[in-house]
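A quick write-up on the structure given underneath.
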Amino acid sequence: MKKMIKYAGVVAATLLAVAPIAAPVLGTTTETKVEAASAPGYAVKDFIKNDDGTYTISGMVPATKDGQQISVSFDDVTMSPGEFSGKRYANAKLQTFDGYTVNHPTELMGLKLEWKTNKVLGFTTLDSPIIYTKDSSSDNSSSDDNNVTVPGTNWVTTFSPLIDAATYDDKGNLTAPVLSKTSIWGVDRQMDINGTTYYRVATNEWIKKSDGIEVFPNSTTVNTNKQASLYTSTGKAVTNRALAKNTPWYSDRSATINGVKMYRVATDEWVAASDVQ
């Protein structure tokens, strides 16, 4: 199994810092904003404007594997915004799994533009549903390579570190890579060693379950039904600002934090589902 997301360049500052539709009630601090939107079920990791005017985009798209819905990554894609009628497209290489064949190995990406101003709003995906099919020659055992047994059990989810999180090998030994806080990682296995639960994010690389939260990438707009408090991904209250009543806010993911369903509206700021419509 190949790496789910490149380690290089995946930092909190370049993740989708969600652009609010309305200003906060409290405080004047601004977030790093990227006006990026994608179809429901898609998540933007990097949406970076380069010095030469091109845009570098990477992220995750939904797929089906073994009858389960999963999120798979695509590599960095660089595109140039042209006239709306001549919008630029590029094929992005999709993540692969050993022992599986994907119905199309690339996903067609295009820049999403505002037609009157040619302003780049984000990216769009145009291909058909992505399906991973187990190879007929593939053994039914849990392995990445012949005669190599992978510990743990199947566990498909999407995970986001609460800290710059350490990674571990198949035996629970510390490894060099560190996963950036608020980045998103596809998980395909779970294992327990001495009472500690780990999620696998790449071949022979795991992250502690306690170092993050399970998230559900999506793209939606939530509307506050009152002046809504904000919280960090660890559930700590943000005390210097809040969201105004009856204002719409863009969200790119949801999660259950300390037993409460929440929507992310900024890099590490979340609003409770009960406070939005």
Can you pull out every residue in the range 266-277 that is in a strand (DSSP E or B) and either modelled with pLDDT of 90 or more or touching a helix residue (DSSP H, G or I) at 6+ places or on another chain (Cβ under 8 Å) (or both)? E269, W270, V271, A272, V276
From the list S137, S143, which one is in contact with a Ser or Thr (Cβ under 8 Å, 6 or more places away or on another chain), more than 24 Å from P62 (Cβ to Cβ), surrounded by fewer than 18 Cβ atoms within 10 Å (Cβ to Cβ) and modelled with pLDDT under 90? S143
List the pairs whose first member sits in the range 63-87 and is within 21 Å of N218 (Cβ to Cβ), whose second member is loosely packed, with under 15 Cβ neighbours inside 10 Å and modelled with pLDDT of 80 or more, and whose Cβ atoms are under 6 Å apart, counting only residues at least 6 apart or on separate chains? T64/I131
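Might you let me know whether the range 179-188 holds any residue that is of a type outside the set (D, E), modelled with pLDDT of 90 or more and either surrounded by fewer than 22 Cβ atoms within 10 Å (Cβ to Cβ) or touching a Leu at 6+ places or on another chain (Cβ under 7 Å) (or both)?
no
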Under 9 Å by Cβ, and 6 or more places apart or on different chains, what pairs join a residue from the range 247-273 that is touching a residue at least 40 places away in the same chain (Cβ under 8 Å) and surrounded by fewer than 18 Cβ atoms within 10 Å (Cβ to Cβ) with one that is assigned to a strand (DSSP E or B) and among the acidic types (D, E)? T256/E214
Having 2 or more residues that are without any contact (Cβ under 8 Å) to a residue 12 or more places away in the chain is the bar; report the strands (runs of 3 or more DSSP E) wholly within the range 160-225 that clear it. 174-179
Any residue at all in the range 190-198 that is surrounded by fewer than 16 Cβ atoms within 10 Å (Cβ to Cβ), of a type in the set (V, I, T), touching a helix residue (DSSP H, G or I) at 6+ places or on another chain (Cβ under 6 Å) and modelled with pLDDT of 85 or more? yes
Going by what's in this entry, would S233 be described as within 20 Å of L179 (Cβ to Cβ) and assigned to a loop (DSSP other than H, G, I, E, B)? yes
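How about the range 233-244: which of its residues are of a type outside the set (A, V, I, L, M) and either touching a residue at least 60 places away in the same chain (Cβ under 8 Å) or surrounded by 14 or more Cβ atoms within 10 Å (Cβ to Cβ) (or both)?
Within the range 233-244, S233, T234, G235, N240, R241 meet the criteria.
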Can you tell me which residue in the range 81-117 is nearest to V201 (Cα to Cα), limited to those that are modelled with pLDDT under 80 and among the basic types (K, R)? K112
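The values are calculated or read from the model by the stated rules, or taken from the named source; none is laboratory data. Predicted, not measured: the structure shown is a model, and the values here were computed from it. Every residue, glycine among them, receives a Cβ derived from its backbone with ideal geometry; neighbour counts consider all protein chains shown.
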